[in-house]
Each structure stands twice: as C-alpha cells, then as structure tokens.
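Novice: Below you'll find the structure I mean.
The values are calculated or read from the model by the stated rules, or taken from the named source; none is laboratory data. As the structure is a computational prediction, the values presented were derived from the model and not from experiment. Positions of Cβ are backbone-derived with ideal geometry, glycine not excepted, and every protein chain shown enters the neighbour counts.
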Amino acid sequence: MNIYQIVKFKDNSAYATFWGCDWNCTYCIWKSQKWNICLPQDVRDELDRRWRENRIRFLEIDEFIKILKSNGVNLVFLGGGEPTLDPHLKDLLLALKSEKIESWIITNSEHLDDDIFELSKGLTMSLKAFDPDLHLKLTGHSNEEVIKNFKKFGQSSKIVAESVYSKGLVECDEMIKIATFLAGINKDMRFRIDPEVGGYQEIDDCIENVKKILPNTYRIKASGNIPPELLYPEKE
Ligand code: SF4
C-alpha cells in the first residue's frame with residue numbers, strides 16, 4: 001500500500017495519508033508538506049530527516065490494521081495524496097470492514113467506482129471547480145469524470161462535497177456554480193468549503209449566500225490546539 005503516515009485524534013478516529021497524486025492543484029498543501037500540519041514542527045523536521053534518509057517505508061495491509069487495532073481506532077479517514085490511485089485500496093477496505101473499522105475516503109473524485117463507494121462509510125468528494133476551463137487551469141486535469149461521479153453517487157447521504165476557496169481563482173461566484181450543480185443532484189448534500197490557507201472572513205459571507213442554494217454548506221472551524229497522536233512512523 002501507499003500509506004506512510006497515520007495520526008490519531010482524541011475521538012479515536014485516525015487519518016491515514018497515501019503517497020501520490022497525479023493532479024497538480026495550485027494550492028495543494030500535500031505537495032509541499034507531507035506530514036500532518038498539526039504535528040509539532042520538531043516532529044515534522046525529524047520525520048523529514050528520516051524520509052530523506054530513506055528510513056520510512058510504506059505499510060502492508062496487515063501492519064496497518066494491527067496499528068489501528070492496537071490503538072483502539074474505530075474510524076479511519078483515507079486521504080493524501082489520492083487514495084484511489086492505490087491498487088490495494090479495495091483489499092484494504094475489505095480488510096477494514098472485516099475488522100469492523102469504518103473507513104472514510106477523501107478523494108479528488110476522479111477514480112471512484114461502485115466497490116469503493118459500497119465499502120466506505122462515507123466519502124468526501126472534491127469538486128475543485130465546476131467551470132471546465134477553470135478546473136483544468138487549477139488542477140491540470142479535466143473535471144469530466146468528477147462531474148460524472150457526482151451525478152452517479154451524489155444522491156447518497158454518504159457523500160460530503162468539498163471545495164477550496166482560493167483567492168483570485170475559486171471565489172464565491174464559482175462556489176455558487178458548484179452549489180447549483182450539487183443542489184440539482186441532491187438538495188440536502190453537505191458541502192464543505194475550505195480556505196486555501198488560514199481563514200478568510202469572506203468565506204463566511206460566501207457561505208451565507210451559498211446556503212440559499214445548498215442549505216448544508218459549512219466550513220470547519222479550528223477548535224483547540226491539541227496535536228494528533230502520531231501512530232506511524234513510530235518514534236525512534
Ligand atoms: S487532488 Fe488533492 S492531493 Fe491531488 S494535487 Fe489536488 S489538492 Fe493535492
């Protein structure tokens with residue numbers, strides 16, 4: 001598998017990071033920062049050092065499950081990077097299911113299929129831009145498959161849509177276009193708008209407007225400063 005990092009949160013959920021993504025989003029934080037940004041800086045520096053020295057390896061499925069079970073994890077978010085590029089993802093989802101650990105996929109939405117959809121408790125599906133030219137400019141990829149997958153899976157309450165508010169590129173007019181498209185599929189769909197970096201007051205104003213089209217629109221607000229627990233790579 002392509003998993004190289006696991007962190008655990010205080011609610012016993014965990015986030016596993018997959019290596020690799022074939023898109024090239026202008027604001028991609030993962031391309032510049034491979035470690036969870038809530039980990040202390042000295043921990044990230046140490047992990048960077050070990051990575052450069054080739055001392056961190058990808059996990060096998062059984063190793064991954066063992067780490068989750070021994071730490072009491074009951075829900076794991078699978079993100080990255082792009083988890084759907086991992087050829088072993090379905091085997092992993094089956095293994096998690098048989099161990100009664102729930103899984104939640106966080107994806108750019110291009111490579112979803114029925115098996116991944118069925119085996120997950122939920123999916124955060126990104127729609128970076130509705131306008132095809134803007135999507136291409138922003139990510140280097142067409143949004144054709146993404147749009148098809150939203151039409152295919154978007155009626156399910158398992159789906160949370162997500163987009164990134166990017167100043168000068170994806171602003172409120174584009175969010176309105178995205179919300180209008182999503183509302184045409186499922187008026188109750190949850191839609192999360194993330195800031196590119198930090199937070200913008202204008203996002204909150206935008207969310208108020210988008211909610212008139214898609215009432216379940218929101219953004220995550222930082223709560224507290226407790227860093228997650230690093231489960232993998234283990235401390236040396
Ligand atoms: S799809 Fe996600 S991981 Fe891939 S380049 Fe874009 S922001 Fe980064």
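Novice: All but one of (1) surrounded by fewer than 17 Cβ atoms within 10 Å (Cβ to Cβ); (2) under 26 Å from residue 14 (Cα atoms) hold for residue 110; state the number of the condition that does not hold.
Specialist: Status for residue 110: all satisfied but (1).
Novice: In the stretch 95-115, what residues are touching a Lys or Arg at 6+ places or on another chain (Cβ under 7 Å) and farther than 30 Å from residue 171 by Cα?
Specialist: Result: 99, 102, 103, 115.
Novice: With the structure loaded, tell me whether residue 117 is more than 13 Å from the ligand (Cβ to nearest atom), assigned to a strand (DSSP E or B), touching a Phe, Trp or Tyr at 6+ places or on another chain (Cβ under 8 Å) and more than 16 Å from residue 22 (Cα to Cα) or whether it fails that test.
Specialist: The answer is no for residue 117.
Novice: Mind checking which pairs have a first residue in the stretch 209-230 that is within 18 Å of residue 124 (Cβ to Cβ) and a second that is modelled with pLDDT under 95 and surrounded by fewer than 15 Cβ atoms within 10 Å (Cβ to Cβ), Cβ under 7 Å, 6 or more apart or different chains?
Specialist: Final answer for the pair search is 228/38.
Novice: Which of (1) farther than 30 Å from residue 65 by Cα; (2) at pLDDT 95 or above; (3) within 14 Å of the ligand (Cβ to nearest atom) is the odd one out, the single condition residue 186 does not satisfy?
Specialist: (3)
Novice: Within the stretch 148-161, is even one residue closer than 19 Å to residue 219 by Cβ and surrounded by fewer than 16 Cβ atoms within 10 Å (Cβ to Cβ)?
Specialist: no
Novice: Of all strands (runs of 3 or more DSSP E) completely enclosed by the stretch 136-236, which ones contain at least 2 residues that are hydroxyl-bearing (Ser, Thr, Tyr) and in contact with a strand residue (DSSP E or B) (Cβ under 7 Å, 6 or more places away or on another chain)?
Specialist: Once the strands (runs of 3 or more DSSP E) in the stretch 136-236 are filtered for at least 2 residues that are hydroxyl-bearing (Ser, Thr, Tyr) and in contact with a strand residue (DSSP E or B) (Cβ under 7 Å, 6 or more places away or on another chain), what remains is 159-165.
Novice: Same structure, new question: Kindly establish whether residue 23 is surrounded by 13 or more Cβ atoms within 10 Å (Cβ to Cβ), farther than 20 Å from residue 227 by Cα and not basic (Lys, Arg). Before the answer, list the steps.
Specialist: Numbers: surrounded by 13 or more Cβ atoms within 10 Å (Cβ to Cβ): yes; farther than 20 Å from residue 227 by Cα: yes; not basic (Lys, Arg): yes.
When the stated conditions are applied, residue 23 passes them.
Novice: Just checking, which of 105, 61, 65, 116 is touching a residue at least 24 places away in the same chain (Cβ under 8 Å), aliphatic (A, V, I, L, M) and surrounded by fewer than 18 Cβ atoms within 10 Å (Cβ to Cβ)?
Specialist: Just a single option satisfies the conditions, and that option is 61.
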